[in-house]
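Input: a single structure, listed below in structure tokens.
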Amino acid sequence: MSTDIYYFTGTGNSLFAARHLASRLDATLKPMAADAGTARIESEADAIGIVFPVYYGDLPVLVRKHLERWGDMKGKYVFAIATFGGAAGSSFQTMKGILEPKGVHLSATYGLHMPQNAFRKSWEDNDRLLDKAKGRLDRIADDARSGRTGINYPMFFMKPILILLHETFLPLYYKGLRKYSNASLGTDYDTLVHHSDKSYASMEVCNGCGICARVCPVDNIVLEEDRPVWLNRCENCLACYDWCPRSAIAGGISQKNYHYRNSRVVVADIFRQKSR
Ligand SMILES: Cc1cc2nc3c(=O)[nH]c(=O)nc-3n(C[C@H](O)[C@H](O)[C@H](O)COP(=O)(O)O)c2cc1C
């Protein structure tokens, strides 16, 4: 069985998961960010995996738009893994809503508890979480190899609870995004996300190294006079904020002075996300 694994990452958790799976399944890793200019996404593989981080209880905008551009993937074994700090929210519902009208059946969905990249959870041990995740990914690989279907995270009885929680938090997410993007009431979700980089600024310690621009999966940063300038197509992935070697970026949704990057991933891995 040939397998393509599409992934999107900001701080490395989803890449860590996608890479581990790919090694177990002898699969090809495909960064979704590299498909920015592709109007129709096609794959020759028999099976497709999708690994992504949960943002605001849903799919990242880039992932949603990637799925919307899928061509004919009917008949393939498609499985999805949401990495998150707490819960998958509505992300699989959104995914099904896009894929099912295309005739693509989501064969299995999995939630993967990973370190929270946006705020500190002092009671969690990140290394232990990553080791535990590896075990779960091994089992997911076994499922994929045997073409096991019908595995659904969240379980059917949890779904309404998670969706209700998501609906409850949504106004708060919108409020935060409006603040960061300096936008008015009624601004649509995608614009709020893309413009939330208006809250970012580089601090005095910035030495103009340009790593922020290189890690940005959507080329949303240019350097002007050795300082980053954001172009309002932000995905909120925190890559610029968290991969800055001098922690010289302030603003955005991350808890103040909290920085996270997956300890098993290096910055060069993040650079590669933009190339096939
Ligand atoms: C903008 C943003 C929104 C997030 N929203 C959620 C959320 O709604 N629920 C959750 O459990 N984790 C949330 N997280 C945490 C990430 O989903 C989690 O840490 C993920 O594993 C990060 O993946 P990455 O390292 O591949 O970018 C959010 C993170 C960011 C940056």
Inset, instruction - Sort out which residues of the stretch 83-123 are more than 16 Å from the ligand (Cβ to nearest atom), open to solvent by 40 Å² or more (accessible area, probe 1.4 Å) and part of a helix (DSSP H, G or I), and write them in order of number. - result: LYS96, GLY97, GLU100, PRO101, LYS102
Legend entry - the stretch 54-75 - residue that is small (Gly, Ala, Ser) and over 18 Å from LEU172 (Cβ atoms) and, of those, nearest to the ligand (Cβ to nearest atom): GLY71
Inset, instruction - Being part of a strand (DSSP E or B) and away from the ligand (no atom under 13 Å from the Cβ) is the filter; apply it to the stretch 7-37 and report the residue that is surrounded by the most Cβ atoms within 10 Å (Cβ to Cβ). - result: LYS30
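Residues in the stretch 194-204: is at least one free of Cβ contacts under 8 Å to residues at least 60 places away in the same chain, outside the structural domain of ALA87 (by TED's automatic domain parsing), away from the ligand (no atom under 11 Å from the Cβ) and in contact with a Pro (Cβ under 7 Å, 6 or more places away or on another chain)? Steps first, answer last, please.
In the first step, residues of the stretch 194-204 are kept if they are free of Cβ contacts under 8 Å to residues at least 60 places away in the same chain; the result is 195-204.
So of that shortlist, the ones also outside the structural domain of ALA87 (by TED's automatic domain parsing) come out as 195-204.
Going one step further and asking which of them are away from the ligand (no atom under 11 Å from the Cβ), we end up with 195, 197-204.
From the residues that got through so far, the ones that are in contact with a Pro (Cβ under 7 Å, 6 or more places away or on another chain) too are 202.
Yes, there is a match, as at least one residue in the stretch 194-204 is free of Cβ contacts under 8 Å to residues at least 60 places away in the same chain, outside the structural domain of ALA87 (by TED's automatic domain parsing), away from the ligand (no atom under 11 Å from the Cβ) and in contact with a Pro (Cβ under 7 Å, 6 or more places away or on another chain).
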Inset, instruction - Would you mention how many residues in the stretch 165-182 are farther than 18 Å from SER90 by Cα and open to solvent by 30 Å² or more (accessible area, probe 1.4 Å)? - result: 5
Inset, instruction - Pull up the stretch 227-275, narrow it to residues that are among the basic types (Lys, Arg) and more than 12 Å from the ligand (Cβ to nearest atom), then point me to the one that is most open to solvent (accessible area, probe 1.4 Å). - result: LYS256
Inset, instruction - Tell me which of these ASP4 doesn't satisfy, since it passes every other one: (1) more than 20 Å from THR149 (Cα to Cα); (2) touching a Leu at 6+ places or on another chain (Cβ under 9 Å); (3) touching a residue at least 40 places away in the same chain (Cβ under 8 Å). - result: (1)
Inset, instruction - Consider only pairs whose beta carbons are under 6 Å apart and that are at least six residues apart or on different chains; among these, list those whose first residue lies in the stretch 47-69 and is in contact (Cβ under 8 Å) with a residue 40 or more places away in the chain and of a type in the set (D, E, K, R) and whose second residue is outside any loop (DSSP other than H, G, I, E, B) and open to solvent by 10 Å² or more (accessible area, probe 1.4 Å). - result: ASP58/THR94
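The values are calculated or read from the model by the stated rules, or taken from the named source; none is laboratory data. Since we're looking at a predicted model, the values are computed, not measured. Because the Cβ atoms are built from the backbone with ideal geometry, glycine has one as well, and the counts that use them run over all protein chains shown. SASA here: full protein model, heavy atoms, side chains in, ligands and nucleic acids out. Shrake-Rupley method; radii C 1.70, N 1.55, O 1.52, S 1.80 Å.
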